[in-house]
Structure formats: structure tokens, C-alpha cells
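Beneath this line is the structure, given in C-alpha cells, with notes to follow.
The values are calculated or read from the model by the stated rules, or taken from the named source; none is laboratory data. Every value quoted in this text rests on a predicted model; they were computed, and no experiment measured them. When we count neighbours, we look across all protein chains shown, and the Cβ atoms used for this are built from the backbone with ideal geometry, even at glycine. All accessible areas refer to the heavy atoms of the entire protein, side chains included, with ligands and DNA or RNA removed. Shrake-Rupley method; radii C 1.70, N 1.55, O 1.52, S 1.80 Å.
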Amino acid sequence: MRGGVFRSAVDNVNRLQPDIVLSVGDLVDGYTTDSTYLHEQWSEFNDIIQKLTLPFFYLPGNHDISNEWMRTEWERRFGRSYYYFVYKDVLFLMLNTEPDSRIDAAQINYFTRILKKYHDVTDLLSCIVPHRHQKGGYDALEEVLAGRDYTVYSGHHHHYLKAERHGRRHYVLGTTGGGSAGRAANDRERLITSCG
């Protein structure tokens, strides 16, 4: 984390006044089994987030649930690590790709049921995926989404990318205060191929 950047971003978001704020994970540094250290990290993050004047939707990245103990702690603090919501006729699928960069079968089944339930939400469907899912599950999700208009947002790589796959927009969002590796010349191709 770069000191002060995230706090400043929250102030700027409050000035912009969007309807909602969505997470793509990596909210804390994580990678620990030290409960005191993790509590300090979440306390710092939540202290900053509480300054938002609009709803914030949590979603874990690999830093947030990097081991089974952290996963349990996430569920204790925030509940399920994947979910959906509808806002202004937009269906948001909030997926969890941890561990191992996967969208597991339980999530595919869950979101299949949700998509059947909300079959009439066709104008825009947004999938928020915190991690590029190189190792599995995304092809199955694409099959479930076939015929729907949707946009995919993800994080993890800590720099901005934009690409199209099967006629659908895919964005990897840059950091808001975290370190960044910069942008490599072959990032666009890597994004397209890593989506499935």
C-alpha cells in the first residue's frame, strides 16, 4: 500500500457520488495467520471505507483469503465470499476465484440458478471477478452467460487492461493505492488468452 492514496481516493469517490462502489479484491495485504496482524489490516481498511457516503460491496481477492484460516475470517466478517445483487435493472454477479484462481462448480451452479431467476434482466449484466481465472471455471461461466449482454471486471494484476472476448468487454482494473507493476507490451494478449 502506498500511504494516503486510498484515503484520498475515498474522498474523491465521495465527491463524484456514484450510486455504488464495487470491490475486485486485494483489500488488505493478507498472506498471514496472525490474527492480530490481520485484525489491524482490516481495521485500517474498514476505517477508510466507513468514510464512504454510499454503499460498498466487498469481494475477496487472493490477498484477502490467501489461506483457509483467512477464508473463515472473511466469512465471519463479511459473510459469503460470492453473491449477487440487482441494482437499477442490472444484475451483478460477484464471484470468488480463490483459492487457485478458480471459479468452482458450486459457484457455477449458484449463478446458473440466479441467471434463470433473473432471465428478464438482459440490458446489462456485470460480472465482477477479483482474479484472472487462468486455471478453470471461466469457460463454464461463459457457457452459462451465452446470449446475455455482460461486462467482466477483475483485478489482481494491479494495472489497467481492456480487451474483448467473444464480443464481450473485459476490463482488468488498476490499483487504488496498491503497488503497480506497470504495463507490459503483451498485456492485452495475455488478458484475452487468460480469460479461458
Checklist entry - Across region 79-94, in residue order, what do the Karplus-derived ³J(HN,Hα) couplings come to in whole Hz, using 6.51 cos²θ - 1.76 cosθ + 1.60 with θ = phi - 60° and x for Gly and Pro? => result x, 4, 8, 9, 5, 9, 7, 10, 9, 6, 6, 10, 8, 9, 9, 9
Checklist entry - With springs only between Cα atoms under 10 Å, which of 50, 107, 41 fluctuates most in a Gaussian network model of the chain? => result 50
Item to check | Farthest positive-ward along the chain dipole, Cα basis, beta-carbon charges - from 141, 57, 38 | outcome: 141
Checklist outcome for this item: The relative contact order of the chain, taking Cα pairs under 8 Å that sit 6 or more residues apart, comes to a percentage of 19 percent
Checklist outcome for this item: Which residues qualify? For residue 136, with a placed amide H closer than 5 Å and at least 5 residues away or on another chain, they are 103
Item to check | Net dipole in debye of the chain [+1 Lys, Arg Cβ; -1 Asp, Glu Cβ; about Cα centre; nearest 20] | outcome: 440 debye
Next on the checklist: So for region 1-136, if I pair up every lysine 8 or more residues apart or on another chain, how many of those pairs have alpha-carbons under 27 Å apart?
Outcome noted: 4
Checklist outcome for this item: Checked against the structure, the computed volume of the Cα convex hull per residue in Å³ among [x] 207; [y] 104; [z] 122 is the one labelled [z]
Item to check | Portion, in percent, of the accessible area of the chain that falls on carbon or sulfur, probe 1.4 Å | outcome: 50 percent
